[in-house]
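**Q** My questions all concern the structure below.
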Amino acid sequence: MPGFAVGLMSGTSADGIDAALVYVDEALCPPIRVVDAMFRPFSEDERAQIFQAFDPACPGIIWAKLHRELGEWYASCVIELLRQARVSPCNVRVIGCHGQTMAHYPPLPDSEEFQGFTVQLGDPAVIAARTGIDVVHHFRQQDMAWGGQGAPLVPYFDYRIWASRVEPRVVLNIGGIANVTILPKGAGIDEVTAFDTGPGNMVLDALVEIGTQGRQHYDSEGSLAAQGRCSERLLKRWLSHPYFHLHGPKSTGRERFGRQYANQLWKDGLALGLTFEDILRTATALVAESISRAVQHAIAEPCVLIVSGGGVHNRTLMRELERRLSLLRPLETTDKYGIGGDMKEAVAFAFLAWQFCEGIPTSMPQITGAEERVVLGCWTPARPGRTIDCC
């Protein structure tokens, strides 16, 4: 039966919560329609709490407190969204909540000792209790339990929404980390490839905070980077980072491209006498070039590029991408397909939660390296004693 689902996402940039209300009908193509959406920015205090918890030396009690508080923030966001859409909670089948990733360490290749782990905070019991809606959460853990990277998570969604029988497509999301899904023309689900290309908005945001001494958190429309000049010498050095030369399956996060990485980029730029704007422009080129190299290595023919994520608002970054991605024409955003670029991942988690309720496996072992295709997620019912058959 068709119905409503809510998706929640707060990404590695930790700027706020994306919430999307969707209507799912598996008989349609595509099987979802976005009904309403909203963005709830984190306050300065909330963001400070999250960044405090990013510190590997942060005490566990801080994580526990943040886990509870994130649950409250997510729940209030759902309530506000449903009020805005004039949809009753009793008409919503499920909430899909990715949670705030605090640590993501995928397994090391050919290592039996380090199996990898991942942590997402945001108490699903609190969300379920406050909203009266069942919650599906912890989407990464099942894949990692079967030896996978636990990321990227949305290629199944990309396949169901954008796979085409008439043209090859590349779906690019530029969030804190950038990731791509490669959809060959007429591809079956086992022919889809996807991976994290490397840093996205996260490193640019960090450099803006460093360069403005905390007065700004991001480069609005890429206007600051547009004032600088790219240092090809420095760009070449940065592109030698080992991650850019790994083959899939591969995923990454703040542990590799977070604040410590941004601090090093800043020092590298200052050592060459670059201005703040020059460093930011070179880092913007780094994001674009790392995406371009990864994608063009993975495709063999011209493709349509469909872009989402906060990066679509960075005009300097988008110009850099268009210039470098010669095989990807035309460049479109997900808005053309009825899914706002900022909301794509929230919509995806609503859909993945719906698939969980249907018992449909949504992991893709050829992408993550897992041994088995599994149903992604864990379930927290809103009412005690409720069984999954009633989801």
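**Q** Taking the chain as the region of interest, what is the percent of Cα-Cα pairs per 10 angstrom bin, listed from the shortest bin to the one with the maximum distance?
**A** Bin by bin from 0 Å, the calculated values are 5, 24, 34, 26, 9, 1, 0.
**Q** Same structure again: Report, for the range 163-341, the % of DSSP beta bridges that are antiparallel, rounded to 5.
**A** Bridges in the range 163-341 that DSSP calls antiparallel: roughly 55 percent.
**Q** Another one. Pairs to check: LYS250/LYS344; LYS185/LYS336; LYS185/LYS250; LYS236/LYS336. Give those whose C-alpha atoms are more than 28 Å from each other in this structure.
**A** In this structure, LYS236/LYS336 exceed 28 Å between Cα atoms.
**Q** Which trypsin sites (Lys or Arg not before Pro) in the range 42-87 pass both tests, a DSSP loop state and at most 14 other beta-carbon atoms within 10 Å?
**A** ARG86
**Q** If you don't mind, another one. Under 8 Å for C-alpha pairs, at least 6 residues apart: give me the relative contact order for the chain, rounded to a whole percent.
**A** So the answer I get is 22 percent.
**Q** Dipole size in debye (nearest 20) for the chain around its Cα centre, Lys and Arg Cβ +1, Asp and Glu Cβ -1?
**A** The calculation lands at about 540 debye.
**Q** Highest GNM mean-square fluctuation, the chain, Cα pairs closer than 10 Å: which of ALA85, ALA348, ALA53?
**A** Most flexible of the set in this elastic network: ALA85.
**Q** Where a ≥ b ≥ c are the square roots of the eigenvalues of the C-alpha gyration tensor, would you call the range 91-178 rounded, which needs a/c under 1.5, or, failing that, prolate if a/b is larger than b/c, or oblate?
**A** oblate
**Q** Take every DSSP beta bridge whose two residues both sit in the chain, then give the antiparallel share in percent to the nearest 5.
**A** Among the beta bridges of the chain, antiparallel pairing accounts for roughly 70 percent.
**Q** For the range 269-291 and the range 127-163, what is the centre-to-centre distance using only Cα atoms, to the nearest Å?
**A** 34 Å
**Q** Just from the alpha-carbon atoms, what are the Rg and Dmax of the range 163-341 in angstroms?
**A** Here Rg and the maximum Cα pair distance are 16.1, 51 Å.
**Q** Can you tell me the orientation of helix 44-54 relative to the chain, as the angle in degrees between its alpha-carbon axis and the longest Cα principal axis, to the nearest 10?
**A** The angle comes out at about 80 degrees.
**Q** Using the alpha-carbon centroid of each, what span in Å lies between the range 26-80 and the range 194-212?
**A** Going from one Cα centre to the other spans 20 Å.
**Q** Moving on. Between 0 and 90 degrees, rounded to the nearest ten: what's the tilt of helix 276-298 against the longest Cα principal axis of the chain?
**A** 60 degrees
**Q** Which of the peptides 21-32, 115-126, 235-246 is most tightly packed, and how do the rest follow, judged by the mean count of other Cβ atoms within 10 Å per residue?
**A** 115-126, 21-32, 235-246
**Q** Another one. Roughly how big is the range 237-391's charge dipole about its Cα centre, with Cβ charges of +1 (Lys, Arg) and -1 (Asp, Glu), in debye to the nearest 20?
**A** My answer is approximately 320 debye.
**Q** On to the next question. Does anyone have the angle between helix 259-271 and the longest principal axis of the chain? Alpha-carbon axes, 0 to 90°, nearest 10?
**A** Once rounded, the angle reads 10 degrees.
**Q** Oh, and also: Would you mind classifying the range 147-207 by shape? Square roots of the alpha carbon gyration tensor eigenvalues, ordered a ≥ b ≥ c; an a/c under 1.5 is rounded, otherwise it is prolate if a/b is larger than b/c and oblate if not.
**A** Prolate is the answer for the range 147-207, as a/c is 1.5 or above and a/b outweighs b/c.
**Q** Along each principal axis of its Cα atoms, how long is the range 186-244 end to end? Whole angstroms, biggest number first, please.
**A** Taking the Cα atoms of the range 186-244, the three principal extents are 48, 26, 19 Å.
**Q** Okay, next question. Sequence neighbours fewer than 8 away in the same chain don't count; with that in mind, list the aspartates and glutamates whose C-alpha is under 13 Å from LYS267.
**A** The qualifying aspartates and glutamates are ASP278.
**Q** Cα gyration tensor of the range 19-145, axes a ≥ b ≥ c as square roots of the eigenvalues: rounded (a/c below 1.5), prolate (a/b > b/c) or oblate?
**A** Because a/c hits 1.5 or more and a/b fails to exceed b/c, the range 19-145 counts as oblate.
**Q** Can you compute the charge dipole magnitude of the range 163-341 about its Cα centre, using +1 on each Lys and Arg Cβ and -1 on each Asp and Glu Cβ, nothing else charged? Give it in debye, rounded to the nearest 20.
**A** Value, rounded to 20: 280 debye.
Read-outs throughout are calculated quantities, based only on the coordinates presented, and are distinct from any laboratory measurement. Note that this is a predicted model, so its numbers are computed, not measured. Every residue, glycine among them, receives a Cβ derived from its backbone with ideal geometry; neighbour counts consider all protein chains shown.
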